[in-house]
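Trainee: Sharing a structure, written as structure tokens. Questions coming.
The values are calculated or read from the model by the stated rules, or taken from the named source; none is laboratory data. Being a predicted model, the structure only gives us computed values, none of them experimental. Note: ideal-geometry Cβ built from the backbone for every residue, glycine included; neighbour counts use all protein chains shown.
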Amino acid sequence: MAAKKSVPTRTVLIIDVGTSSVKAALFDENGRTLRSADAPVTTSVPHPGWAEQDPALWWKATVAAVNGLAVDSLPIAITLTGSMQNVILLGREGTSLRPALLYSDARVSEAEMAALKAQLPKDFEKRIGNRAEPALCLFRLDWLLNNEADIMARVERVLFGAKDAMIHRMTGRAVVDPTCATTTGLLNLAARHWDATILAAIGMSPAILPDILDADALAGPLLPEPAAALGLVPGIPVYVGAGDGGATAWGTSSERHDQPHAYLGTTGWIAATMPYSVAKPPRDAYTLAAPVGTDVIVISPFLAAGLAIDWFAGVAGRSVAELYAAAEKHDASPPGALFLPYLIGERAPFSDRAVRGAFLGLDREHASDTLAYAVLEGLAHAIRDNLDALPIPPKSIALAGGVAGSLTVAHLIADVTGARVTVPSASRIVTAYGAFRIIAPIIGLAPKGAAAKAAATTKTKAKTSRKTSAVASDETVVAPRPERAQRAARRFAAYRQAAGQARALADALDPAL
């Protein structure tokens, strides 16, 4: 009797170009993670309030992460995700003319914003489906035109997503997905194309903008030179992928209209998917085009999540893992200290780049352990503050990102929001999983259990308990603790009051004044 031939495993390579690192993950055809690797990325701050990264370092980190996978089964496809709302300038040879301006870059002054707003169409916000706020790419593009005209004169292409810079390096094509394109201030959200009226108002040629393609569209084949650097073979199809906000929605199954998700990476956000007619943009939160289809994602982003705990770990001289463990020990008897996470200003639910963070209610008994708990609680308050900007009262919130690895955070979020919190076991790579889910139908894969899991999550009710209860082997559910409800409400009210006071004191505390 002849032995059965083994069928080679079909794999998909996902590259996630984040703010603090590039992560590479290899998924099998059923959506299981076979292996993952990452390489760090550093941010440069040439002047206070500025934030830049060199796309050449993104590529170096991408090469290191992919090679770190030690791929032994060539993937049938590659797709990407990553940070959005960056400004990346490419010259004639396709190389970067200067470091990329990140979404957190706050170099544009209020006077410069006002001057550009005067040139824009009166219905500008309706066209883009969002408020005219500083993080929109067009304001930083205008700053570059006014301050670095010599560089702008040599620009052949502008890209807006970190992953799009890597796609250009791998395929030679300039593309952007609809989610990332929305963050530029140049996209007509209802029509999903570059807005000719806005471009004409600011004197920008559409020829330098990337092609807007759905996240499941083919960008092109992997070229020989980048293939060699990545340890792969030329010709592997590379798909457009989605900006991190869109990919995370799919990774948490919150493309469904009844389950928002919260992301806690270096930065953070709370987001929900819904029809355009329900979102009714513009609103105070961002409204982004979904990576595929016609829905929109209403997303309220804040600037410091993992950034806050990383900062405190450096101040305390302890590892993040140690602080998570220390904070967990204090959950039974929470400290009184309150933390405002505005370390680099804030983006939502209010936009204020001058406001700064604070510890309140400090006591001489407080040590790094108790303050670590306060930092995590501050992130939970930030999520609740931004949740109120969404047009839905959720019963369940899916939690993703590196900070989601601390179940103390999940408990605090459940307490302060009153919603059940679900935490995927692989929360750190859930954005990569979302990128996989987006292209799976296009390349003939059907992740086992994906649809069943979504249905089961909707039907399952978590028991009210101080313990976590597993709904499925790859997901943990944390329910609000009734005995903490009054404390959570009282402290959230204090958080909001303190935020207002911190904003009022911003000018008085500015070291430059």
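Trainee: Can you name every residue in the stretch 135-175 that is within 22 Å of the chain's Cα centre (by Cα) and acidic (D, E)?
Mentor: If the condition is that a residue be within 22 Å of the chain's Cα centre (by Cα) and acidic (D, E), then D164 is the only one that fits.
Trainee: Residues being in contact with a Lys or Arg (Cβ under 8 Å, 6 or more places away or on another chain) and under 16 Å from I309 (Cβ atoms): count how many of those fall in the stretch 268-277. I'd like the intermediate steps shown before the answer.
Mentor: Start the filter on the stretch 268-277 by keeping residues that are in contact with a Lys or Arg (Cβ under 8 Å, 6 or more places away or on another chain), which leaves 273.
If we keep only those that are under 16 Å from I309 (Cβ atoms) as well, we get none.
Result for the stretch 268-277: 0.
Trainee: Can you go through A440, A485, A452 and tell me which one is modelled with pLDDT under 95, of a type in the set (A, V, I, L, M, F, W, C) and out of contact with any helix residue (DSSP H, G or I) (no Cβ under 6 Å at 6 or more places or on another chain)?
Mentor: Working: A440 fails: modelled with pLDDT under 95; A485 fails: modelled with pLDDT under 95.
It is A452.
Trainee: Same structure, new question: Considering only residues that are buried (at least 23 other Cβ atoms within 10 Å of the Cβ) and within 14 Å of L387 (Cβ to Cβ), look in the stretch 268-285 and name the one that is modelled with the lowest pLDDT.
Mentor: A285
Trainee: Another question, then. Could you check the stretch 415-444 and list, in sequence order, the residues that are in a loop (DSSP other than H, G, I, E, B) and either touching a residue at least 60 places away in the same chain (Cβ under 8 Å) or of a type in the set (D, E, K, R) (or both)? Steps first, please.
Mentor: Initial filter on the stretch 415-444 (in a loop (DSSP other than H, G, I, E, B)): 418-419, 425-426, 440-444.
Within the stretch 415-444, G418, A419, A426, A440, P441, I442, I443 meet the criteria.
Trainee: Out of the stretch 51-67, which residues are under 22 Å from R157 (Cα atoms), surrounded by 15 or more Cβ atoms within 10 Å (Cβ to Cβ) and not acidic (D, E)? Walk me through how you get there before you give the answer.
Mentor: Keep residues of the stretch 51-67 that are under 22 Å from R157 (Cα atoms), which gives 51-60, 62.
So of that shortlist, the ones also surrounded by 15 or more Cβ atoms within 10 Å (Cβ to Cβ) come out as 51-55, 57-60, 62.
A51, Q53, P55, L57, W58, W59, K60, T62, listed by residue number.
Trainee: Tell me, yes or no, whether the stretch 279-297 has at least one residue that is part of a helix (DSSP H, G or I) and more than 30 Å from W50 (Cβ to Cβ). Outline the logic, then answer.
Mentor: Just the residues of the stretch 279-297 that are part of a helix (DSSP H, G or I), to begin with: 279.
Those left that are additionally more than 30 Å from W50 (Cβ to Cβ): 279.
So far as the stretch 279-297 goes, yes, one or more of its residues are part of a helix (DSSP H, G or I) and more than 30 Å from W50 (Cβ to Cβ).
Trainee: So, one more: So which residues in the stretch 232-250 are of a type in the set (G, A, S) and within 27 Å of the chain's Cα centre (by Cα), if there are any at all?
Mentor: Taking the stretch 232-250 first, the residues of a type in the set (G, A, S) are 235, 241-243, 245-247, 249.
Scanning the stretch 232-250 gives G241, A242, G243, G245, G246, A247, A249.
Trainee: Residues that are more than 26 Å from K126 (Cα to Cα) and among the aliphatic types (A, V, I, L, M): find the helices (runs of 4 or more DSSP H) completely inside the stretch 155-252 holding 1 or more of those. Give the steps one after another, and end with the answer.
Mentor: On the way: elements: 162-171, 178-182, 196-202, 224-230, 244-251.
Once the helices (runs of 4 or more DSSP H) in the stretch 155-252 are filtered for at least 1 residues that are more than 26 Å from K126 (Cα to Cα) and among the aliphatic types (A, V, I, L, M), what remains is 162-171, 224-230.
Trainee: Okay, next question. Kindly evaluate A190 against the criterion of being in contact with a helix residue (DSSP H, G or I) (Cβ under 9 Å, 6 or more places away or on another chain), at pLDDT below 95, within 26 Å of D284 (Cβ to Cβ) and surrounded by fewer than 22 Cβ atoms within 10 Å (Cβ to Cβ). Even if it seems obvious, please write down each step before you answer.
Mentor: Values: in contact with a helix residue (DSSP H, G or I) (Cβ under 9 Å, 6 or more places away or on another chain): yes; at pLDDT below 95: no; within 26 Å of D284 (Cβ to Cβ): yes; surrounded by fewer than 22 Cβ atoms within 10 Å (Cβ to Cβ): yes.
Spelling it out, it is not the case that A190 is in contact with a helix residue (DSSP H, G or I) (Cβ under 9 Å, 6 or more places away or on another chain), at pLDDT below 95, within 26 Å of D284 (Cβ to Cβ) and surrounded by fewer than 22 Cβ atoms within 10 Å (Cβ to Cβ).
Trainee: Evaluate the stretch 88-98: report whether one residue or more is in a loop (DSSP other than H, G, I, E, B) and farther than 25 Å from A228 by Cα.
Mentor: Yes.
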